[in-house]
Amino acid sequence: MEVYRSFIFRLIRNYLIGSMAAVFVVGTVVMVSTLQIPNIQFVRLIFIVLISLLFMLVAELITLWAQLGPIRQFFSAEHHEESELTKMYERIHRFPGQTIYRILGPHMLGFSLPAAGLTLWMISTGWLEFPYGYVAVAAACALLIAVMHALIEYFLTVRTVRPLLLEVRRRGKEQHGMEPSLGGRVLVSIQRKFQLSTALIGLFPLFLFFLATSIRLQYMDSEFAKEYTLWAILIVVLGGGFALVGSWLLIRDVRGPVAELTEEMNRIQEGDLGRRTPDLYADEFSALISGFNMMINRLEMRQERNRQLLQSYFSTLAAALDARDKYTAGHSMRVAEYSLMIGKLSGMNEEQADLLYKSALLHDIGKIGIPDEVLLKDGKLTDEEFAIIRTHPVLGESILLQIEPIDAMADFLPGVRSHHERYDGKGYPDGIAGEEIPLFGRIIAVADAFDAMTSDRPYRNGMSHEKALSILEQGKGTQWDPYFASLFIDEWRRQQHLQKSSERGVS
């Protein structure tokens with residue numbers, strides 16, 4: 001509650017300063033410097049101001065108390081649901097906007113209505129001696145002052161609520177491990193704030209001068225005052241147009257770089273770090289864009305470093321696995337290369353091809369859990385031993401599932417588990433068939449079989465490449481996916497033909 005009490009103190013302090021400045025300083029100075037009435041009537045006007053101010057404060061406090069109710073209840077509790085934290089975070093962000101409605105509603109009406117009523121009554125009784133039309137001019141001045149007060153109060157309140165927002169974020173992180181956020185939603189656009197602010201700043205002194213001068217001239221020359229009013233309205237219209245055009249030009253100058261940076265941030269969220277925001281500005285946006293581009297450079301360097309480390313990790317893991325058996329040294333790397341070749345031939349994009357390559361590197365990771373006496377046996381395996389070997393796809397999947405975060409290895413699991421499935425459904429561990437077999441599993445199966453057939457084993461020598469290709473060709477549609485097997489066979493023979501042609505050319 002300490003944060004809330006500090007917030008209330010700053011809120012009331014800002015309000016009192018703004019109200020006193022608007023009502024007493026601006027209002028009283030305009031009134032005293034404009035009206036030419038006896039001192040006793042000034043005293044009566046000040047009495048009207050004080051009574052009206054009291055009404056205004058009561059109306060303001062009632063409204064403020066109602067607006068603060070949910071915030072007060074929130075900070076009086078110690079624990080909150082996650083949804084409560086998110087809703088309160090947004091409510092606090094909207095509180096400065098409620099300040100505007102509070103000042104333009106109960107604030108202005110709470111002052112203007114009693115002041116106008118008391119003034120009209122005193123004019124009718126003769127206690128005040130000036131035309132009834134001055135009340136309308138005073139009401140216009142009150143509206144003008146209230147609008148400017150609302151603008152100032154809004155920006156002061158924006159700063160005042162920040163400690164509350166930080167406290168809500170702290171509680172969210174402490175209680176639920178999350179920090180509430182708007183998630184990029186825009187509650188009040190910069191364009192609206194700039195346009196309204198700059199237009200009011202330009203129009204306020206112009207309107208105030210026009211209204212005060214109109215009254216002042218009534219005491220000097222009423223006929224001239226009428227002519228002046230028509231001329232002044234034209235000047236005010238021109239000045240208002242200038243203020244609006246100026247605010248539009250200003251917001252356009254600010255909106256451009258903001259929009260560019262927002263577009264670039266959205267692009268980065270999608271993983272595209274290849275482009276840089278052009279630095280076309282000579283103000284503070286130049287430093288901002290330069291820092292933004294530098295951040296992208298660092299992110300790109302870190303991403304590349306992480307990619308290299310991850311690639312090295314996968315390669316090292318595969319090499320360590322293959323090192324258990326001198327006959328399978330390099331097997332995982334070769335299977336990965338063959339799989340990558342098939343993937344690219346099938347039109348796979350770079351991202352998918354990289355996932356396929358890493359899946360192939362890890363396809364035999366489950367053999368870590370196979371005992372040496374089975375995995376490294378020189379002779380033919382018994383049925384029991386082969387059943388143990390057949391568990392390595394499931395073991396591999398289980399090993400990868402232990403890696404945190406849980407989704408880190410999700411893309412590699414299908415290829416690791418299904419690389420021994422057969423296209424006719426007679427494979428293992430799940431016995432699935434055709435295109436039910438995951439894509440990576442069907443590709444790795446072709447690459448794995450080819451390398452296994454062409455590699456030496458303790459109980460046999462590796463067969464020739466052509467013989468292995470013939471076996472792949474015979475097994476298309478039964479053991480292997482016919483499309484991927486054909487791609488591999490055709491490409492391998494094409495490369496052999498090019499190699500032989502090159503050798504004949506050299507000789």
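The values are calculated or read from the model by the stated rules, or taken from the named source; none is laboratory data. Since the structure is predicted, the reported quantities are computational estimates derived from the model, not experimental observations. Here the Cβ positions follow ideal geometry from the backbone for every residue, glycine too, while neighbour counts run over all protein chains shown. Please note that ligands, DNA and RNA were not included when accessible areas were found on the heavy atoms of the full protein model with its side chains. Shrake-Rupley method; radii C 1.70, N 1.55, O 1.52, S 1.80 Å.
A few points about this structure:
- Number of the exception - L362 against (1) surrounded by fewer than 18 Cβ atoms within 10 Å (Cβ to Cβ); (2) modelled with pLDDT of 85 or more: (1)
- Residue check for H80: over 26 Å from F207 (Cα atoms) and open to solvent by less than 50 Å² (accessible area, probe 1.4 Å): yes
- Of I399, I370, I388, I406, all but one fail to be open to solvent by less than 30 Å² (accessible area, probe 1.4 Å) and β-branched (V, I, T); the exception is I370.
- Top-ranked residue in the range 172-212 [being within 23 Å of F155 (Cβ to Cβ), outside any helix (DSSP H, G or I) and of a type in the set (A, V, I, L, M); ranked as least open to solvent (accessible area, probe 1.4 Å)]: L182
- Residue that is farthest from the chain's Cα centre (by Cα), among those in the range 397-422 that are assigned to a helix (DSSP H, G or I) and at pLDDT below 85: M409
- Number of the exception - Y357 against (1) touching a Leu at 6+ places or on another chain (Cβ under 8 Å); (2) open to solvent by 60 Å² or more (accessible area, probe 1.4 Å): (2)
- Against the test of being open to solvent by less than 40 Å² (accessible area, probe 1.4 Å), at pLDDT below 90 and out of contact with any Leu (no Cβ under 8 Å at 6 or more places or on another chain), the options Y101, Y154 yield a single qualifying residue, Y154.
- Restricting the range 254-284 to residues that are outside any loop (DSSP other than H, G, I, E, B) and either polar (S, T, N, Q) or open to solvent by 80 Å² or more (accessible area, probe 1.4 Å) (or both), the residue that is farthest from M301 (Cα to Cα): R255
- Scanning the range 356-396 for residues that are part of a loop (DSSP other than H, G, I, E, B) and among the aliphatic types (A, V, I, L, M) yields L362, I370, L376, L381.
- Condition check for A59: buried (at least 17 other Cβ atoms within 10 Å of the Cβ), over 17 Å from R170 (Cβ atoms) and at pLDDT 85 or above: yes
- Applying the criterion of being on the phi < 0 side of the Ramachandran plot and in a loop (DSSP other than H, G, I, E, B) to the residues of the range 341-354, the residue that is surrounded by the most Cβ atoms within 10 Å (Cβ to Cβ) is M348.
- Contact map, the range 367-385: residues that are closer than 19 Å to H331 by Cα paired with residues that are in a helix (DSSP H, G or I) and acidic (D, E), Cβ distance under 7 Å, separation 6+ or inter-chain. Pairs shown: V374/E385; K377/E385.
- Residue check, I489 open to solvent by less than 20 Å² (accessible area, probe 1.4 Å), closer than 18 Å to I365 by Cβ and part of a helix (DSSP H, G or I): no
- Odd one out for A360 among (1) touching a Ser or Thr at 6+ places or on another chain (Cβ under 8 Å); (2) in contact (Cβ under 8 Å) with a residue 60 or more places away in the chain; (3) more than 18 Å from A318 (Cβ to Cβ): (3)
- In the condition set (1) in contact with a helix residue (DSSP H, G or I) (Cβ under 7 Å, 6 or more places away or on another chain); (2) over 30 Å from R185 (Cα atoms), R276 is compliant with all but (2).
- Residues within the range 434-458 that are under 22 Å from F412 (Cβ atoms) and part of a loop (DSSP other than H, G, I, E, B), tallied: 2
- Check on A433, among the aliphatic types (A, V, I, L, M) and closer than 15 Å to L361 by Cα: no
- Of the set (1) open to solvent by less than 60 Å² (accessible area, probe 1.4 Å); (2) on the phi < 0 side of the Ramachandran plot, all apply to R422 but (1).
- Residue match in the range 118-128 (condition: open to solvent by 40 Å² or more (accessible area, probe 1.4 Å), in a helix (DSSP H, G or I), free of Cβ contacts under 8 Å to residues at least 24 places away in the same chain and hydrophobic (A, V, I, L, M, F, W, C)): yes
- Scanning the range 425-440 for residues that are in contact with a Pro (Cβ under 6 Å, 6 or more places away or on another chain) and crowded, with 21+ Cβ neighbours inside 10 Å turns up just one, F440.
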